[in-house]
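Working notes, structure below.
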Amino acid sequence: MEKQNFDRREFLKLLLMLPLAGKRSPTRITPNSLLYPAAQPDQPNILFFLFDTLSARNISLHGYPRETMPNLARFAEKANVYHQHHAGGNWTPSGTASLLTGTYPWTHRSMSIYSEVIESFADKNLFHITNPDYHTAAYTQNFLVETMLQQFKDQIDDLINMTEGGLYSSRPDSDLFINDFGSGFWGQNIAQGTWIFPASSPFLSILNETLYTIKYRRMQRELKDIYPDWISMVLPGVHVFLDETISWLLDQIKNTPLPTMSYYHFFAPHHPYSPRAEFYHLFDDDFKPPEKPIHTFTDGSNYDFLLPERRAYDQFIANVDHDFNLVLELIDELGMMENTYIIFTSDHGESFERGVWKHTNRVLYEPLTHIPLLIHKPGQTTREDFFTPTSAVDVLPTICEITGKPIPEWIEGEVLPGFRTEPVDLQRPIFSVEAKENNKFGPLTIATVAMIKWPYKLIHYFGYEELPYHFELYNLEQDPEELNDLYPASPHYAADLKSTLLAKIEQANKNLGKIN
Amino acid sequence: MKRFPEKQEIIKSFLVILTVINSWAVIVFLYNFPGLIKQITISDLISVLAYVLLSALIESVIISLALLGLGFLLPAKFLRTDYAVRTLLLLILSVIYIIPFHIYIPRLSTLMFEAVVSIFIAMWSVLLIVELVLFHKIIPRYPKFKAGAVKIIDRITVLGAIYFFLDLSSLIYVTITNWS
């Protein structure tokens, strides 16, 4: 008996200590104002507006037949327009982290649904670079981005709570677990169950889900006149209303201390597509995009199913365009057009082709990676168009350039055309990486990598059971819809591109863990 | 006070509930472990486990209170007598019933969920009533059955105590991390 008591107590002592062991040090409590010198009043402001899941391929400004964004086209008249801008990946973690760190997913490693960047990038990002001279602020409605922003919070003066900007959450993590957001978010996801997990909480999860569903149906009934179909749902129990978001944003812009570098990441037009009633009847037309061959990685969505989904997405984009214009009008009224860089972009696109819907998949076709990038410079009154391929990793070095900071050597991008004096290298390869299934801490062994070296785009699938080692090659100039795969007929044609791509992957794998 | 079971029975029942709920939580966590270990660090993994165990503790407390409430309302012969044995049987049968639902629920859309969950809850309610009546008939008639269940409970409570400690340490960890 004595022996049993002794063993159990010792064992329990050890177990008690287990959750506390090895966890990184608690949040730094030093106020940011003590860590960084005060902002410089003569600096122009920088405002980032990122709309999640906005494909350039569905924007009228970039040649889409439906007039989805007429207001953006007007804004373009006073901005630099990048017509061949590409995301770092095909979904939020990889795309956003590439924008914020200036590196590709094989470096920052935010590739899977556990979206934190590797530890060494916690102080290598947009906020770290701009904080000394700016009041830095950040807001997102996407939980995967919030996880990342929480990593950067020591460099963000005002990390705004997700629930402040028109987002309503019944989940405890958005308020209660804010100091340990990533773990709290995933702990709750496992307890509640998600599209990939069964719930670890066998009874309460069903009760919770039932309450969420009842609440959602009640909201749908109450708001049917405004949202005839869906109410935008970030996660079960989390809803976001774009009009309220924009109203909040207008106040936020008026009240932010200047000069500011503010990053706003909005959920719209992410699925479920939920345009307000006034946009609900738009695009009742005969438009039919080209039918493309079904891909090996199809999710079973056929052409006829995807047509109405595409239309709802286009309507939601038109809604975004209308509401974002209110923000631009306010900025104009406040006179901020004269002293502010306004950056409009997205983290990735959306697919409605080849039997592949949305963006949580393994493919890297243009609808998923081709994203908008417009930058208004202070006082800019004319439009400048750039057709050179650019990447999300180029935005951070451009911020360094305009703020007069040296470009850190870990950045993989270059200063965007329009902000540089040296000529642009048209043959510079840019990359998009999809590696959700790859080990976050290991070399790339199961992934899709796309490389654009104008006018060609080489896509490489490797490590998948269905496509263990596969290439596709397209000429984007002659075949922007990527219908004619040049690779099978003439692999030698792609030899140079292939060696560049494989060498880059090999180099990325060698560099793994070398960033300090 | 007569409407509640003996204190010892309540404690045993709570430890049984803790064991069943935590064991399911650990199974789900281990099911996710190969995916998790590829994507997050060991320290984050332990931290995530702390939140999972905390939710198991909350769930166990709520179930215990719900069963006590049920025992308070029902005639003693249905639940209050041999309280720990009856709650053990109720819980195990409910978990067996609920597992297929959890295996398929991630694949259900919102609309499907609504349709499935209402049928599920209705069937579960019927099953609970049938089980309560069945235990009422079986337990007094078969003392060996009851003795076997009591032995199981005695063993389970040891595991329940370990889970209780783990759950409490998770609660302390989450509290310190988020509100210190």
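Only the coordinates and a few stated rules stand behind these numbers; no lab work does. Quick caveat: nothing in here was measured; it's all calculated off a predicted structure. As a convention, Cβ positions derive from the backbone with ideal geometry for all residues, glycine included, and neighbour counts pool all protein chains shown.
If you build the Cα gyration tensor of chain B and take the root of 5 times each eigenvalue, what three semi-axes come out, in whole angstrom, biggest first?
Values: eigenvalues 192, 97, 45 Å².
Semi-axis lengths for chain B are 31, 22, 15 Å.
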*Which entries of A:LYS436/A:LYS510; B:LYS2/B:LYS144; A:LYS440/A:LYS504; A:LYS453/B:LYS38; A:LYS292/A:LYS457; A:LYS440/A:LYS510 show an alpha-carbon separation above 22 angstrom in the structure shown?*
B:LYS2/B:LYS144; A:LYS453/B:LYS38
_If packing is taken as the average number of other Cβ atoms within 10 Å across a peptide's residues, how do A:394-403, A:473-482 rank, most packed first?_
A:394-403, A:473-482
_More than 24 angstrom separation, counting every C-alpha pair in region A:142-265; what % is that?_
37 percent
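Among A:ASP299, A:ASP154, which comes first, then next, by fewest other beta-carbon atoms within 10 Å?
Details: A:ASP299 12, A:ASP154 17.
Ordered by Cβ neighbours within 10 Å, fewest first: A:ASP299, A:ASP154.
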*Within 10 Å, count the other beta carbons around each residue, average over each peptide in A:102-109, A:246-253, and list them highest first.*
A:102-109, A:246-253
*Report the charge-dipole magnitude of region B:1-128 in Debye, nearest 20, computed about the Cα centre from +1 at each Lys and Arg Cβ and -1 at each Asp and Glu Cβ.*
340 debye
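Averaged across the residues of B:34-41, what count of C-beta atoms belonging to other chains lies within 10 Å of each residue's C-beta?
Working: counts 0, 6, 3, 3, 8, 14, 8, 9.
For peptide B:34-41, the averaged partner shielding equals 6.
At most 14 other Cβ atoms within 10 Å and a DSSP loop assignment: could you name the GluC sites (Glu not before Pro) in region A:41-127 that fit?
Values: sites: A:GLU67, A:GLU77, A:GLU116, A:GLU119; in loops: A:GLU67, A:GLU77, A:GLU116.
Here the sparse-neighbourhood loop sites are A:GLU77.
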*Cα-based convex hull, region A:184-227, per residue volume (Å³, whole number)*: 81 Å³
*Please state the Cα pair-distance histogram of chain A with 20 angstrom bins from zero: what percent is in each bin?*
22, 57, 19, 2, 0
*Using the per-residue mean of other Cβ atoms lying within 10 Å as a proxy for protection, in what order, highest first, do the peptides A:132-141, A:266-275 fall?*
A:266-275, A:132-141
*Relative to the compact globular guide of 2.2 N^0.38 Å, what is the alpha carbon radius of gyration of region A:432-473, as a ratio?*
1.19
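Provide a whole-number value for the mean count of partner chain Cβ atoms within 10 Å of the Cβ atoms in peptide A:176-188.
Details: counts 3, 4, 2, 6, 10, 1, 4, 14, 8, 2, 11, 12, 5.
Across A:176-188, the average partner-chain Cβ count within 10 Å equals 6.
So what is the calculated 222 nm ellipticity per residue for the protein assembly as shown, using -39500 (n - 2.57) for each DSSP H run with n of 4 or more, over all residues, to the nearest 500 deg cm²/dmol?
Details: 19 runs with 316 residues, N = 696.
After summing the helix terms and dividing by the residues of the protein assembly as shown, the value is -15000 deg cm²/dmol.
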*Once you treat every alpha carbon in region B:1-106 as an equal point and sum by Debye, what is log10 I(q)/I(0) at q = 0.19, 0.22 Å⁻¹?*
-0.95, -1.14
*Starting from the Cα gyration tensor of region A:222-309, multiply each eigenvalue by 5, take the square root, and state the resulting semi-axes largest first in whole Å.*
33, 18, 14
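After finding the eigenvalues of the alpha carbon gyration tensor for region A:326-480, what semi-axes result from the square roots of 5 times each, listed largest first in whole Å?
Working: eigenvalues 212, 67, 53 Å².
Those come to 33, 18, 16 Å.
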*With no solvent and one equal point scatterer per Cα, compute the Debye intensity ratio I(q)/I(0) for region A:70-117 at 0.16, 0.24, 0.29 Å⁻¹ and report its log10, rounded to two decimals.*
-0.53, -0.75, -0.94
*DSSP-defined antiparallel bridges as percent of all bridges, the protein assembly as shown, nearest 5*: 60 percent
